[in-house]
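Structure, as structure tokens:
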Amino acid sequence: MYIWALMGRYYLRRLQPADFAAVYELNKHCFVEGEAYTESYFAYLYADNDYHYIVLDENNNVAGYLVTVYSDDDECSDEFNAGHDIGCDPNCEKTNHKRVLAVASIGVNTKDRNRGLARTLLETLISDVNNTSEMITYLVLQVRVSNATAIRLYEKVGFVKSIGKLVGYYSHPTEDGYLMYYSTENQN
């Protein structure tokens, strides 16, 4: 198990199966109904080698989490640059794929907010990516256009908005989103 020390009573570690229920409950509190993941979906993601979790632990309780998924973006699709879903046709035969790590979900317990913990989760992810031997070209995430607090946080750690909006991307209520990305190409 990987452990990163943090300030005071918090530390970061990899998700364990015993954390599923707590991560699921926290996700339900962070996202509106219909956009929160189910507990079984978290378990499915955990079993998939392309998904990775970081848990923010406070005295053996989940105070926050970050879930990422690997995706191959490529030159054969305008979707990345146009600000739409990440990915490529599975039958694509081109070899110039860029390795993309998408932030699938991030959340911090309400009582633990405004302490820099979400920023710490993101900065830990960025540091891990910049120090890995894997060739990850971009970190990406989606955010509601109305979520100014999250957008400011993402910009502070180096994410920038892609050109265009994800029109009607969110539901409950329907709203546009931004695709934001962090380029690792000049970081390593």
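Throughout, read-outs are computed from the coordinates displayed, never taken from laboratory work. This is a predicted model, so every value here is computed, not measured. All Cβ positions, even for glycine, are placed from backbone atoms using ideal geometry, and neighbour counts span all protein chains on display.
Using Cβ contacts closer than 10 Å as the measure, can you line up 123, 185 from fewest to most? Before the final figure, lay out the partial values.
Details: 123 14, 185 10.
Least to most surrounded, the residues fall as 185, 123.
How do 34-47, 109-122 rank on mean C-beta neighbours within 10 Å, highest first?
Highest-to-lowest ranking by the protection proxy: 109-122, 34-47.
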